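Here the structure comes first, spelled out in structure tokens, and everything after it is commentary.
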Amino acid sequence: MTKTEKSVVLDAPARRSARPWPDHGLAAISWLVAVAIVGLFCWIVGDLIWHGWPLIDWTFLTTSPRLGGREGGILPVIVSTLLILGIALMVAVPLGGSTAILLAEFTRRSGWYGRLVGRSLDVMAAVPSIVFGLFGNALFCQMLGMGYSILAGGLTLALMVLPILIRTMESSIRLVPTNYRQAAAALGLSRTRTVLSVLLPQALPGLLVGLVLGIGRVLAETAALLFTSGYVMRMPGSLLDSGRALSIHIYDLSMHVPGGESKAYATALVLLVILLVVNAIAIFIADRWQRRLTAKMI
Amino acid sequence: MDISAGSPTGIGCRHLSVRYGAHQALYDVSVTIPIQQITAVIGPSGCGKSSFLATWNRLTDLYDHCHVTGEMWLHGEDVLSREVDLIRLRRRVGMIFQTPNPFPLSIKRNIQLPLRETGIRDRDRLDFITERVLQDVGLWDETKDRLNRSALGLSGGQQQRLCIARALALQPQLLLFDEPCSALDPISSGIVEDLIHELRQQATIVIVTHNISQARRIADHVAMFWYDDGVGKLVEHCAAAKAFTAPDNPITAAYIDGSRG
């Protein structure tokens, strides 16, 4: 076949007709599935906005709930949620980050220690959240005497997100190409310096994925919080007060409070917006950090 | 430099063997590397050339199940000793890899990151060294206006020269090149080759190359590796002039004129 003939065959119209039929079928199925997923997402969000948006105003965001949540706003619930999230991240990110570094850089994957930690994490990731709730209740609320409190809830959720945080962070550190490690070693950089200055900036996008997943899990968690931070609707005076998270508020309004359904919709919408905003902040901070690490800072 | 008892001066090894698990990559190599000269390591793929190179800075330690036995010395220091300070050793032994591997950082930071680790904090001194090594590799004029930009924006040949500059900044006594030109286009390759030739003034050089004509152009000495049943061995080590005209070993002669390997 000469060159000209070949290029004719490869022209777009000719290629389309030459494509075997299973390709069309597969493409069509993929399209359908993708459309279905996007559709489902739009349905949920649309439903929330449709039912929830009319109820959201300044008063809703800045006042306390009354009559079991049927009236008033959700300010204390928002505050409790953010406090729980803050505690969970402050504990889980340093702990998870250093464990991920340990697993990825300082242990052999096939060694007994690496395997032990890895397996434990995988099992922990599969433990139902209600079990974490009971464990958190036994450890933090009772043994350590924190009672039903935001602190106990935050710590329980920190434990709960650790596996997913560590596993995603570990794999993103591992995925940094080996030649950077070789280059660093050959230049006499210490392991610590290699991790901090070369590997972490490279792994940052992946670390961020772990963080975003963790944030999502914390904000969505309900069962574990029932037993640890409780469901008191008052504005928390300290971290040792019980506080109701948004997810619990939604659960309570829709299951236990007759006539609370519309407020549940509004609360769910607020939760969704908080999730998006917190993730956006995380991405913004990580982006700034990466720029500083790769260019200016020395 | 600490002189541990028993390790000879100069650079060399005796009865050096490298094994990866059950696979013997290199067996019983004894060689003395001439100081301030270029030794080209040649031979077919899989004959242990890269393993040989990676023992000088103990990069072999990075690989699981890699066992190195024998003796190896670098100006009085026992390279294979358990007590050797790897970080200090690797500052004394620079290594340039086949694929240019600058860090995804700025050009300046690529050079200054390892340099700062040696304890130099003074900015003027850091900048002075940066300029000097970039001059040395002929990259200064091309990069002086963009030192704070990412090193990944440089061409392949420029990246490789940056990697050489980065290694030079630590003032190594021994410079190892692992096929430094094989990922570069012919023009960049020529520039890097000329550079290596000049670097003899600054350090002892060992270069692994598959390019026989390159070895012919720059080498003062040639170490010919070959394999027997998958086990790498040194079959000849002599002055380049001899290796390219009248080698003792028929394998070397056949490899060099292209009839084997």
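The values are calculated or read from the model by the stated rules, or taken from the named source; none is laboratory data. All of these numbers come straight from a predicted model, not from anything done at the bench. In this analysis, Cβ positions are derived from the backbone assuming ideal geometry, glycine residues included, and neighbour counts consider all displayed protein chains.
Using the structure shown, decide if A:SER149 is of a type in the set (Ser, Thr, Tyr) and surrounded by fewer than 22 Cβ atoms within 10 Å (Cβ to Cβ). Steps first, answer last, please.
Details: of a type in the set (Ser, Thr, Tyr): yes; surrounded by fewer than 22 Cβ atoms within 10 Å (Cβ to Cβ): no.
Answer is no for this residue.
Kindly indicate whether any position in region A:236-246 is crowded, with 17+ Cβ neighbours inside 10 Å and in a helix (DSSP H, G or I). Before you say what the answer is, go through the steps one by one.
Of region A:236-246, the ones crowded, with 17+ Cβ neighbours inside 10 Å are A:236, A:239, A:241-246.
Among the residues that remain, those that are also in a helix (DSSP H, G or I) are: A:246.
Yes - at least one qualifying residue is present in region A:236-246.
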Odd one out for A:ARG109, checked against (1) exposed (fewer than 11 other Cβ atoms within 10 Å of the Cβ); (2) at pLDDT below 90: (1)
Residues being within 17 Å of B:SER81 (Cα to Cα) and at pLDDT below 90 - total across region B:37-62: 2
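Hey, among B:GLN158, B:GLN201, B:GLN135, which residue is more than 14 Å from chain A (Cβ to nearest Cβ), out of contact with any strand residue (DSSP E or B) (no Cβ under 9 Å at 6 or more places or on another chain) and surrounded by 19 or more Cβ atoms within 10 Å (Cβ to Cβ)? Break it down stepwise before answering.
Working: B:GLN201 fails: surrounded by 19 or more Cβ atoms within 10 Å (Cβ to Cβ); B:GLN135 fails: surrounded by 19 or more Cβ atoms within 10 Å (Cβ to Cβ).
When all the criteria are applied, what remains is B:GLN158.
I'd like the residue in region B:138-150 that is in contact with a Lys or Arg (Cβ under 8 Å, 6 or more places away or on another chain) and within 14 Å of chain A (Cβ to nearest Cβ) and, out of all such residues, is surrounded by the most Cβ atoms within 10 Å (Cβ to Cβ).
Taking region B:138-150 as the starting set, the residues that turn out to be in contact with a Lys or Arg (Cβ under 8 Å, 6 or more places away or on another chain) are B:138-139, B:147-148.
Next cut, within 14 Å of chain A (Cβ to nearest Cβ) only: B:147-148.
Working: B:LEU147: 19, B:ASN148: 11.
Of everything passing the filter in region B:138-150, B:LEU147 is surrounded by the most Cβ atoms within 10 Å (Cβ to Cβ).
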Single residue of A:ALA138, A:ALA152, A:ALA184 found to be at pLDDT 90 or above, assigned to a helix (DSSP H, G or I) and within 14 Å of another protein chain (Cβ to nearest Cβ): A:ALA184
Hits in region B:89-115 (condition: in contact with a strand residue (DSSP E or B) (Cβ under 9 Å, 6 or more places away or on another chain) and of a type in the set (Lys, Arg)): B:ARG92
